[in-house]
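**Student:** The structure's right below; bear with me while I get my questions together.
FYI, it's all coordinate maths here, none of it is from the lab. If you're wondering where the values come from, they're calculated on a predicted model, not measured in any experiment. Glycine gets a Cβ as well: all are built from the backbone with ideal geometry, and neighbour counts include every protein chain shown.
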Amino acid sequence: MASKKEYLDYVLEQLSPLDGISVRPMMGEYILYYNGKIFGGIYDDRLLVKPVKSARAMMPDASLSLPYEGAKDMLLVEDIDDREFLCSLVQAMEGELDAPKRRK
């Protein structure tokens, strides 16, 4: 099931205080970036983030979920209505995210 653009727009609005947020559509879903680093995505109208140490610390009760068949587990962000929390979460994760890989 593809995610709705309206859900993506809402998540992006919640993250709008942060400079450096970008998105790339991918097969009906959306990959989310912060300062060029992938931190998560929108899958089946759910916000999922990488399970890095800071994200686990900020969401100790978050459930692990598969974004799609064959992918690695990601953390489900349940409360997307808390703008301050979402922005803090993404900022805290930045130092643990992999730098983008250069294509040849």
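**Student:** Test of understanding: in a Gaussian network model of the chain with alpha carbons linked when under 10 Å, which of Arg83, Arg24, Arg56 would top the mean-square fluctuation ranking?
**Tutor:** Arg24
**Student:** How many lysine pairs in the chain, separated by 8 or more positions in sequence or lying on different chains, have Cα atoms less than 22 Å apart?
**Tutor:** Lysine pairs satisfying the spacing and distance rule in the chain number 13.
**Student:** Distance from a point 7 Å along Cα→Cβ of Leu18 to each backbone N in region 51-77: keep the residues under 16 Å and list them by number.
**Tutor:** 51-59, 75-77
**Student:** Using Cα pairs under 8 angstrom and six or more residues apart, how large is the relative contact order of the chain, in percent? Write out the running numbers ahead of the final one.
**Tutor:** Numbers: 162 pairs, mean separation 27.2, N = 104.
In percent, rounded to a whole number, it is 26.
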